[in-house]
1. Condition test on ASP162, is it at pLDDT 95 or above, surrounded by fewer than 19 Cβ atoms within 10 Å (Cβ to Cβ) and assigned to a helix (DSSP H, G or I)?
2. For GLY83, are the conditions met, namely being within 23 Å of GLY174 (Cβ to Cβ) and not aromatic (Phe, Trp, Tyr)?
3. Determine the pairs where a residue that is farther than 22 Å from VAL142 by Cα, located within region 106-128, has a partner that is surrounded by 18 or more Cβ atoms within 10 Å (Cβ to Cβ) and of a type in the set (Lys, Arg) with Cβ atoms under 7 Å apart, the partner being 6 or more residues away or on another chain.
4. If I ask for residues that are assigned to a loop (DSSP other than H, G, I, E, B) and either of a type in the set (Gly, Ala, Ser) or within 11 Å of the chain's Cα centre (by Cα) (or both), which ones from region 7-35 would you list?
5. Would you confirm, using the coordinates I've provided, whether GLN157 is polar (S, T, N, Q), under 17 Å from ARG137 (Cα atoms) and surrounded by 15 or more Cβ atoms within 10 Å (Cβ to Cβ)?
6. For LEU4, are the conditions met, namely being within 22 Å of VAL198 (Cβ to Cβ) and among the hydrophobic types (A, V, I, L, M, F, W, C)?
7. Within the set of pairs 6 or more residues apart or between chains, which connect a residue that is without any contact (Cβ under 8 Å) to a residue 24 or more places away in the chain inside region 183-207 to a residue that is exposed (fewer than 13 other Cβ atoms within 10 Å of the Cβ) with Cβ atoms less than 8 Å apart?
Amino acid sequence: MIDLYTWPTPNGWKIHIMLEECGLEYRPHAVNIGKGEQHEPDFLAISPNNRIPAIVDHDGPGGKPLSVFESGAILIYLAEKAGKFYSANLHDQTQINQWLMWQMGGVGPMLGQNHHFVKYAPEQIPYAQTRYINETRRLYGVADRQLANNAFLAGDQYTIADIACYGWMSLWEGQKQDIIEFPHVARWLDTLSQRPGVQRGMALFRERRQNFAKVDTAQEQLFGNKPS
């Protein structure tokens, strides 16, 4: 049994989808980041960076419990545990790792800043908005070129690299992107959206998702913005 601590965000969606795709048994626990539950001591014992998602695998290596934080590390751990959506072949594993790290170092941080300055910042900062919208467009272009000659990001097989990127890139409209500019990304998004595991993963805690831009407590907990 795996305990999953999460919230319906792009980083949370990665692990929801992975658990569903792998068919691993898990118990989901909602961590309301808008109310600051990610700062509670019990959660910090599992995720010292006070970020969702995190897991506790009660049947970890050697049959002992193991907690894991950071979504990329969780994806690799679950892939190796389940023997799915990764590879034991060093060449293929390296291809997957490249695109997983691209998401962790590029897509997540840059699209996250896009979301912040376009949706959440307490004041409009045109320079910041333009900078992150343009960087988002550049990253979509990188993916589109890769997907022009490959069914999936790391090649012909669906992997954790795709799972890592899907949730973030499914929000293209709110990121001020024109998906018509990226036909191969559009095809890839449509393909993934039809997978039952993706659908189930995206549905987890969907009813709790809300626009934190309109919640004063969330603004303070997430961004340090005091209500006026």
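1. The answer is no for ASP162.
2. Taking the combined requirement at face value, the residue does not satisfy it.
3. No pair meets every condition.
4. TRP7, PRO8, THR9, GLY23, GLY34
5. Values: polar (S, T, N, Q): yes; under 17 Å from ARG137 (Cα atoms): no; surrounded by 15 or more Cβ atoms within 10 Å (Cβ to Cβ): yes.
No.
6. Working: within 22 Å of VAL198 (Cβ to Cβ): yes; among the hydrophobic types (A, V, I, L, M, F, W, C): yes.
Here the answer is yes, as LEU4 does meet what is asked.
7. Close Cβ pairs (under 8 Å, with a partner that is exposed (fewer than 13 other Cβ atoms within 10 Å of the Cβ)) amount to ALA186/ILE180; GLN199/SER193.
Conditions (1) free of Cβ contacts under 8 Å to residues at least 40 places away in the same chain; (2) surrounded by fewer than 16 Cβ atoms within 10 Å (Cβ to Cβ), marked per residue:
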{"residue": "MET1", "(1), (2)": "no, yes"}
{"residue": "ASN11", "(1), (2)": "no, no"}
{"residue": "MET18", "(1), (2)": "no, no"}
{"residue": "CYS22", "(1), (2)": "no, no"}
{"residue": "ARG27", "(1), (2)": "yes, yes"}
{"residue": "LYS35", "(1), (2)": "no, yes"}
{"residue": "GLU40", "(1), (2)": "yes, yes"}
{"residue": "PHE43", "(1), (2)": "yes, no"}
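The values are calculated or read from the model by the stated rules, or taken from the named source; none is laboratory data. Here the structure is a predicted model, which is why all the values come from computation and not from measurement. So basically every Cβ, Gly included, is an ideal-geometry build from the backbone, and we count neighbours across all protein chains shown.
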